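To keep things clear, I will list the structure first and then write my remarks on it.
The values are calculated or read from the model by the stated rules, or taken from the named source; none is laboratory data. From a predicted model like this one, the values you see are computed outputs, not experimental measurements. Cβ placement follows ideal geometry from the backbone for every residue including glycine, while neighbour counts extend to all protein chains displayed. The accessibility values were calculated without ligands, DNA or RNA, using every heavy atom of the protein model including side chains. Shrake-Rupley method; radii C 1.70, N 1.55, O 1.52, S 1.80 Å.
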Amino acid sequence: NNPYPSYLPGNGQLALYDPLKDDSEGYHWLPTSTPSSSTLPGNCAFNGNGLDASVEGNSSNNVFFHPCIASTPAFSDFAYEVHMTLFAGDCGGVTLRGNGESFYYFIVCQDGQYRFVQYINDQTPAVMLKKASSPSINMQLNQDHFIAICAKGTTMNLYLDGLLIDSIQDPSHSSGQIGVLVRSLNLNVRTEAIFSNARVWTLT
């Protein structure tokens, strides 16, 4: 029945649940068009256990991250939680308030760092809203973690494994779609994570 998590503030009503075993829930987490996908440095694929996201940039593909953004309803004031297991590389996390090419993303990394970024488009430099480390981040490979965001108005609270990591204020995006994302900190590093049990509650 997916009750609203006790570690989150306020109250919420379940608005989305997707185990991410496949795309049968109708949210279309996979990109609809991936021209010459065999040469792309990033990928999103269901493998039966969850949504597998990967990225590996190189000198000819100067790419550090790869999002899988669902065609969900636009959420404005909401809490979003998803389970994540990092298999290789550096960082994994979630996207939120996505509109077209633009979205926020929150990632946690093996080195104990986290970042909250406003991505605009390929032609515009991303805005690093927060980059710091937290003793609460203990990202081990092949371990299940759950990452969450509670967004209300311009305030976005960031959580890992039920612990508040930080709180961010930014007015750029008030609503939009959700997703997941992997990020490598250096080129030629393959980062891969699997995501499962995505849940969204609208705040009441």
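Just a yes or no: is a residue in the range 122-136 surrounded by 14 or more Cβ atoms within 10 Å (Cβ to Cβ) and more than 17 Å from the chain's Cα centre (by Cα)? Yes, the range 122-136 has at least one match.
Do we find a residue being free of Cβ contacts under 8 Å to residues at least 24 places away in the same chain, over 16 Å from the mean Cα position of the chain (by Cα) and within 28 Å of LEU203 (Cα to Cα) anywhere in the range 144-152? Looking through the range 144-152, none of the residues is free of Cβ contacts under 8 Å to residues at least 24 places away in the same chain, over 16 Å from the mean Cα position of the chain (by Cα) and within 28 Å of LEU203 (Cα to Cα).
Scanning the range 178-191 for residues that are polar (S, T, N, Q) and open to solvent by less than 20 Å² (accessible area, probe 1.4 Å) turns up SER184, THR191.
Consider the range 95-112 and keep the residues that are under 12 Å from LEU160 (Cβ atoms) and part of a strand (DSSP E or B). The one that is farthest from the chain's Cα centre (by Cα) is CYS109. Kindly indicate the residue of the range 156-177 that is under 13 Å from LYS130 (Cα atoms) and free of Cβ contacts under 8 Å to residues at least 40 places away in the same chain and also least open to solvent (accessible area, probe 1.4 Å) among those meeting that condition. Going through the qualifying residues, I end up with SER167. Looking across the range 167-178, the residues that are in contact with a Lys or Arg (Cβ under 6 Å, 6 or more places away or on another chain) and part of a strand (DSSP E or B) come down to ILE168, GLY176.
Among the residues of the range 10-26, those identified as part of a loop (DSSP other than H, G, I, E, B) and touching a strand residue (DSSP E or B) at 6+ places or on another chain (Cβ under 6 Å) are GLY10, PRO19, LEU20, ASP22, GLU25.
Being over 26 Å from GLU192 (Cβ atoms), surrounded by 15 or more Cβ atoms within 10 Å (Cβ to Cβ) and not small (Gly, Ala, Ser) is the filter here; which residues of the range 137-155 pass it? Write out each step before concluding.
Narrowing the range 137-155 to residues over 26 Å from GLU192 (Cβ atoms): 150-155.
When the remaining residues are screened for being surrounded by 15 or more Cβ atoms within 10 Å (Cβ to Cβ), the result is 150-151.
Residue satisfying the conditions is CYS150 alone.
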